[in-house]
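What follows is one structure encoded as structure tokens, with my remarks underneath.
The values are calculated or read from the model by the stated rules, or taken from the named source; none is laboratory data. As the structure is a computational prediction, the values presented were derived from the model and not from experiment. Cβ placement follows ideal geometry from the backbone for every residue including glycine, while neighbour counts extend to all protein chains displayed. Heavy atoms of the whole protein, side chains included, go into the accessibility calculation; ligands, DNA and RNA do not. Shrake-Rupley method; radii C 1.70, N 1.55, O 1.52, S 1.80 Å.
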Amino acid sequence: MCKSVTIIAIGLGLAAAPLALASPPIFQPGAPGGAARTLTPEQSIEMAQTGHSAADARFMQHMIVHHGQAVAMGELIADRTTNAEIALMGERIARSQASEIEMMRAWLEHRGLSTRMSHDTDMPGSMPEHGSHALASGMNHASHDAPSDTPVMPGMLSPAQMAQLEAARGTDFDSLYLTGMIHHHQSAINMVTALLAGSGNGMDPQLSEFLSAVIADQAAEISRMRGLLADL
């Protein structure tokens, strides 16, 4: 009787062993719209220990500059529009991006990295240079060779466009601000998409959380701004 119970117990233990050793699959999110891939536990541990990549650091350095222009655009709103919805959205964007700039600076400084953007404007994910000239109608452009028509980096507004925004008032300002900020937000999303397309990028937990926030928050704001633009 005891021997039978022992054999049954051993048999059950052997049958249950594979179940006890099984672990849930680990997924690495892909770029927005892309498929995730399954990682082994060993790959997951290796990635967790990797830290940041050179592309991660370059992304943060460029995004500080990119966000800085969005804050500057927001600072123009107060005495240039009578549209309360645009004023509220612009203030919210400026505040959130100013806060993110501080986070990005701290992220870089904590890792002993420079907070300054390199002169290399070939930032993965930034819009092609002609993208700064592809805004919706309403933004006039000078000669493509003029320094005032060249943005600091692809995906940003040029000095000429910023001057035009600063000089505008009322509905003209509203249209230029919304058009420019939609372009600005979309280029940030493109930068995130391209960063995540590179192997080993975006693995740092804090950076990963930030990238997800950029995609979600700025996509939602683009949708809202398109609605405000259509109502002008």
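Just one of the listed residues (Leu229, Leu165) is modelled with pLDDT of 95 or more and open to solvent by less than 30 Å² (accessible area, probe 1.4 Å), and it is Leu165.
Consider the range 133-162 and keep the residues that are of a type in the set (S, T, N, Q) and modelled with pLDDT of 60 or more. The one that is surrounded by the most Cβ atoms within 10 Å (Cβ to Cβ) is Gln161.
For the range 197-209, a residue qualifies if it is open to solvent by 10 Å² or more (accessible area, probe 1.4 Å) and not charged (D, E, K, R), and the qualifying residues are Ala197, Gly198, Ser199, Gly200, Asn201, Met203, Pro205, Gln206, Ser208.
Among the residues of the range 196-232, those identified as within 15 Å of Gly51 (Cα to Cα) and not in a helix (DSSP H, G or I) are Gly198, Ser199, Gly200, Asn201, Gly202, Met203, Asp204. Being modelled with pLDDT of 75 or more and polar (S, T, N, Q) is the filter; apply it to the range 99-132 and report the residue that is least open to solvent (accessible area, probe 1.4 Å). Ranking the qualifying residues of the range 99-132, first place goes to Thr115. May I ask you to list the residues in the range 169-196 that are open to solvent by 10 Å² or more (accessible area, probe 1.4 Å), under 27 Å from Asp79 (Cβ atoms) and among the hydrophobic types (A, V, I, L, M, F, W, C)? Within the range 169-196, Leu176, Ile182 qualify.
For the range 196-232, a residue qualifies if it is of a type in the set (D, E, K, R) and touching a residue at least 24 places away in the same chain (Cβ under 8 Å), and the qualifying residues are Asp204, Asp217, Glu221, Arg224, Arg226. Ser96 falls short on exactly one of the conditions (1) more than 15 Å from the chain's Cα centre (by Cα); (2) closer than 17 Å to Ile182 by Cβ; (3) touching a residue at least 24 places away in the same chain (Cβ under 8 Å); (4) surrounded by fewer than 20 Cβ atoms within 10 Å (Cβ to Cβ), and that condition is (1).
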